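Structure first, commentary second.
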Amino acid sequence: MSALEKLRAAAPVLREDLAGLVAVESPSADLAALARCADVVAELGRRCTGRAPERVVVADRPHLRWRFGDGPVRVVLVGHFDTVWPIGTLARWPFTVDGDRCTGPGVVDMKGGLVVLFHALEALAAVADLDGVAVVCNSDEEIGSPTSQALIEDTAAGAAGALILEGSSGGKVKIARKGIAHYSLRVAGRASHAGVAPHLGINAGVELAHQVLRVAALGAPPGTTVTPTDSTAGTTSNTVPAAARLSVDVRAFDPAELVRVDAALRGLRPVLPGAELTVELGPSRPAMPESASASMFALARRVAAELGLPPLVGEAVGGGSDGNLTAGIGVPTLDGLGVIGGKAHAEGEWSDLASMPERAALVAGLVDAIGR
């Protein structure tokens, strides 16, 4: 019996493992919930690989790492167990199965990917050793991986390939991702009574309005988007706002575009006399260009063909992942290798349970082939 046939026969186990992960809610902001979920992920990995993980805690956040063998890392697999769903979501929207389709918070982004990851390694370990393989499962990907970035980059440095187990839309793998930079633009004005002496104030809200229009004009369709997002201004309805703030989401496939927009944002100047502007860079990720995935994509297409799977199709997307980080340090990277599904981050998120054995077989084949 082939590895794919064995994985298909084990489909009920994969489904139960996914149900078990989804049952432990793990929003990015809840450290206690993340610790509970880390325990479940660690046990899943231990059961499938025979090895308990190293638990790496950074700023009270739990991350998990497995390293097999004593030599250099040949291939690293990356996944995350935090989700965007708050505690209590399961009470109104439990894990539900209807034929081959399941729904529930995190089933595609990306607890289904974790199940694929560990069952792929279990299948591979049955026929080969795992020497040179490393795994990182982090708890802060949904908020930009601020405490796990160094762990991911340190683990992946020098590897021949990185496989990212994010979910897949329509079976496509992700061969390029935009680089992302988040900014905070702050305006300092001067408060004054809006009825008695508005002329004595410096209206930070009005200044912010001018800057929103300038920021929105910095995009360069179709590749570069510069999007003003959440904003605040003022304190009470009868006070000239003394302060205002704007978040800016910047995304581009071309690293040079990120540099251009950064310079433009830092070059903004106030319109109102006396107003002051401050621009701060927040969480960011480098671009993952198609060149970073070309060799991995070609290899994955070959492995898929050998397994008798449908031809792989690649896509470039605007969303970021930890694949941006591995590609950013020069490691050939292929993303979107997790479970097939849709509606990530939205009510009705779903996964195709029948895709999990096939994706696990594909990942196992890739891990075995990379760097050989």
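Order 284, 26, 247 by their accessible area, 1.4 angstrom probe, all chains in place, largest first.
Working: 284 50, 26 0, 247 25 Å².
Sorted by accessible area, descending: 284, 247, 26.
Could you tell me the largest-minus-smallest coordinate of the C-alpha atoms of the chain on each of the three principal axes, in descending order and whole angstroms?
83, 44, 37
Quick one: if the Förster radius is 30 Å, what FRET efficiency do residue 238 and residue 281 give, using the C-beta to C-beta distance and rounding to 0.05? Can you show the working numbers first?
Working: r = 35 Å, r/R0 = 1.16.
Efficiency at R0 = 30 Å is approximately 0.30.
Among rounded, prolate and oblate, which fits the stretch 75-168 when a ≥ b ≥ c are the square roots of the eigenvalues of its C-alpha gyration tensor, a/c under 1.5 means rounded, and a/b larger than b/c means prolate?
Values: a/c = 3.19, a/b = 1.40, b/c = 2.27.
Note, shape of the stretch 75-168 comes out oblate.
Taking the Cα centre of the chain as origin, sum charge times position over the Cβ atoms of Lys and Arg (+1) and Asp and Glu (-1), and report the length of that vector in debye to the nearest 20.
On the way: 33 positive and 41 negative charges, 111 e Å.
For the chain, the charge dipole is close to 540 debye.
Springs between alpha-carbon pairs under 10 angstrom, Gaussian network model over the chain: which of 113, 71, 323 fluctuates most?
71
Report, in cubic angstrom per residue, the convex hull volume of the C-alpha atoms of the stretch 150-290. It would help to have the intermediate numbers written out before the result.
Values: hull volume 21.1 nm³, N = 141.
Expressed per residue, the convex hull around the Cα atoms of the stretch 150-290 is 150 Å³.
HN-Hα J couplings of the stretch 224-234 from phi, Karplus 6.51/-1.76/1.60, θ = phi - 60°, integer Hz, Gly and Pro as x?
Along the stretch 224-234, the couplings run 10, 10, 10, 10, x, 10, 6, 8, 9, 7, x Hz.
Search the structure for amide H atoms under 5 Å from the amide H of residue 353, placed 1.01 Å from N in the peptide plane, and list their residues when 5 or more places away or on another chain.
Long-range HN contacts for residue 353: 101, 102.
Residues with beta-carbon under 12 Å from that of residue 317, excluding residue 317: net charge, scoring Lys, Arg +1 and Asp, Glu -1? Mind dumping the intermediate values first?
On the way: positive: 172, 174, 177, 178, 251; negative: 166, 290, 315, 335.
Net local charge, residue 317 excluded: +1.
If you place +1 on the Cβ of every Lys and Arg and -1 on the Cβ of every Asp and Glu, how big does the dipole about the Cα centre of the stretch 1-93 come out, in debye to the nearest 20? Write down the numbers at each step before the final one.
Numbers: 13 positive and 11 negative charges, 57 e Å.
I would put it at about 280 debye.
Working out 0.36 nm times the residue gap between residue 262 and residue 329, then minus their Cα-Cα distance, what length gain in nm do you get to one decimal?
Values: separation 67, 0.36 × 67 = 24.12 nm, distance 2.06 nm.
Difference between extended and current length: 22.1 nm.
Taking only C-alpha pairs under 8 Å that are 6+ residues apart, what is the relative contact order of the chain in percent? Intermediate results must be reported in sequence, preceding the final value.
Values: 872 pairs, mean separation 89.1, N = 372.
Averaging sequence separation for qualifying contacts and normalising by length gives 24 percent for the chain.
Compute the distance from the alpha-carbon center of the stretch 1-16 to that of the stretch 95-141, in whole Å.
13 Å
If one takes the longest principal axis of the Cα atoms in the chain, at what angle in degrees, from 0 to 90 and to the nearest 10, does the Cα axis of helix 290-307 lie?
Around 30 degrees separate the two axes.
What is the distance in Å between the Cα centroid of the stretch 229-294 and that of the stretch 345-361?
The stretch 229-294 and the stretch 345-361 have Cα centres separated by 35 Å.
Of 184, 123, 158, which is farthest towards the positive pole of the stretch 66-223's charge dipole, taken about the Cα centre with +1 and -1 on the beta-carbons of Lys, Arg and Asp, Glu respectively?
Checked the options; the winner is 184.
In deg cm²/dmol and to the nearest 500, what is the mean residue ellipticity at 222 nm of the chain if only DSSP H runs of at least 4 residues count, each as -39500 (n - 2.57), divided by the residue total?
On the way: 11 runs with 128 residues, N = 372.
Rounded to the nearest 500, the figure is -10500 deg cm²/dmol.
First select every other residue whose beta carbon is under 15 angstrom from the beta carbon of residue 171; then total the charges, Lys and Arg +1, Asp and Glu -1. List each step's numbers first, then the result.
Numbers: positive: 101, 172, 174, 301, 359; negative: 100, 166, 315, 335, 352, 358.
Around residue 171, the charge tally is -1.
Using +1 at the C-beta of Lys and Arg and -1 at the C-beta of Asp and Glu, which of 362, 351, 293 has the Cα lying farthest in the positive direction of the dipole of the stretch 249-365?
293
Between residue 131 and residue 35, what FRET efficiency follows from the Cβ-Cβ distance if R0 is 30 Å, with the result rounded to 0.05? Mind showing how you got there, number by number?
Working: r = 30 Å, r/R0 = 1.01.
That pair, residue 131 with residue 35, gives E of 0.50.
Provide the per residue accessible area, probe 1.4 Å, for the stretch 1-118, rounded to a whole number of square angstrom.
Working: 4990 Å² over 118 residues.
Result: 42 Å² per residue.
Note down the accessible area of residue 97, probe 1.4 Å, to the nearest 10 Å².
My reading of the accessible area for residue 97 is about 60 Å².
Which ³J(HN,Hα) values, rounded to whole Hz and listed in residue order, are derived for the stretch 110-124 from phi using the Karplus coefficients 6.51, -1.76 and 1.60 in 6.51 cos²θ - 1.76 cosθ + 1.60 with θ = phi - 60°, glycine and proline given as x?
9, 5, x, x, 5, 5, 4, 4, 6, 6, 5, 5, 4, 5, 5
About its Cα centre, what dipole magnitude does the stretch 7-57 give when the only charges are +1 on Lys and Arg Cβ and -1 on Asp and Glu Cβ, stated in debye to the nearest 20?
It works out to roughly 260 debye.
Reported to two decimal places, what Rg/Rh ratio describes the stretch 101-216 when computed on Cα atoms with Rh from the Kirkwood expression?
Details: Rg = 24.0 Å, Rh = 19.3 Å.
Result for the stretch 101-216 is an Rg/Rh of 1.24.
Restricting to bridges with both residues inside the stretch 158-251, how much of the DSSP beta-bridge set is antiparallel, in percent to the nearest 5?
Values: 19 of 19 bridges.
The answer is about 100 percent antiparallel.
Give, as a single signed number, the net charge of other residues whose beta carbon lies under 9 Å from the beta carbon of residue 270, with Lys and Arg counted +1 and Asp and Glu -1. Provide the component values of the computation, followed by the final result.
On the way: positive: 269; negative: 207, 276.
Local charge sum for residue 270: -1.
Could you look at the stretch 222-327 and say what percent of its accessible area is carbon and sulfur, using a 1.4 Å probe and all protein chains?
Carbon plus sulfur share of accessible area: 58 percent.
Got a sec? Which residues in the stretch 136-171 would a label at residue 54 touch, if it sits 7 Å along Cα→Cβ and we count backbone N under 14 Å?
Correct set: 136-137, 150-157.
Take every DSSP beta bridge whose two residues both sit in the chain, then give the antiparallel share in percent to the nearest 5. Could the numbers behind the result be given before it?
On the way: 47 of 65 bridges.
Of those bridges, close to 70 percent are antiparallel.
Dipole of the chain (Lys/Arg Cβ +1, Asp/Glu Cβ -1, origin at the Cα centre): which of 307, 194, 284 lies farthest to the positive side?
194
The values are calculated or read from the model by the stated rules, or taken from the named source; none is laboratory data. Since this is a predicted model, take the numbers as computed values, not measurements. Because the Cβ atoms are built from the backbone with ideal geometry, glycine has one as well, and the counts that use them run over all protein chains shown. For accessibility, only protein heavy atoms count, side chains too; no ligands or nucleic acids. Shrake-Rupley method; radii C 1.70, N 1.55, O 1.52, S 1.80 Å.
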